[in-house]
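Notes to accompany the following structure.
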Amino acid sequence: MRRIFIVIIAATVFAGSCAGSPPEVPVGADGTADAVLVVGREVFGNSCKRCHGASGGGGSGPRLHGDDFDDEFPDVEALVDVIRSGRNQMPSFSSSLTEEQLDAVARYIREVL
């Protein structure tokens with residue numbers, strides 16, 4: 001019985017970290033959102049939030065913001081490389097995302113999350 005309770009609690013916590021929508025892309029001074037970041041948000045919602053949480057706060061995958069993250073990925077290209085190639089438990093997205101989508105989701109992670 002205790003094992004079932006633990007499994008239910010773990011599933012609830014995991015589902016909660018995946019629930020919701022990724023943060024909206026802020027609008028610029030001209031009242032429109034950066035089109036690349038809009039694509040990045042869509043890619044993040046479809047491909048990343050399941051493991052990293054809707055706001056990038058982590059889940060089964062690591063948190064996607066904060067000092068440690070910024071130190072590990074000092075620029076967008078470093079992040080694109082990991083998304084493209086995969087790492088540890090994270091799969092490669094090179095065959096499922098275009099270069100434009102890879103760049104867009106990396107920018108979205110860096111600039112919005």
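For ALA33, nonlocal amide neighbours, meaning residues 5 or more places apart or on other chains whose placed amide H falls under 5 Å from its own, are GLY28.
Other residues whose C-beta falls under 13 angstrom from the C-beta of GLN101 contribute a net charge of -1, scoring Lys and Arg +1 and Asp and Glu -1.
Under the simplified labelling scheme, the GLN89-ASP68 pair shows an inter-label distance of 1.4 nm, with each label point 7 Å from Cα along Cα→Cβ. Would you mind computing, in nm to one decimal, how far apart the modelled labels at VAL38 and ALA78 are, each placed 7 Å from Cα along Cα→Cβ? It works out to 3.1 nm between the two label points. Amide H contacts for GLY58 (H built 1.01 Å from N in the peptide plane; partners 5 or more residues away or on another chain; cut-off under 5 Å): GLY53, LEU64. Pairs of C-alpha atoms in the range 29-84 farther apart than 18 Å represent 41 percent of all such pairs. The protection proxy used here, the mean number of other Cβ atoms lying within 10 Å of each residue, ranks peptides 71-84, 21-34, 53-66 as follows, highest first: 53-66, 71-84, 21-34.
Any read-out appearing in this document is the output of simple, stated calculations on the displayed coordinates, not a laboratory observation. Note that this is a predicted model, so its numbers are computed, not measured. Note that each Cβ is placed from the backbone with ideal geometry, even for glycine, and that neighbours are counted across all protein chains shown.
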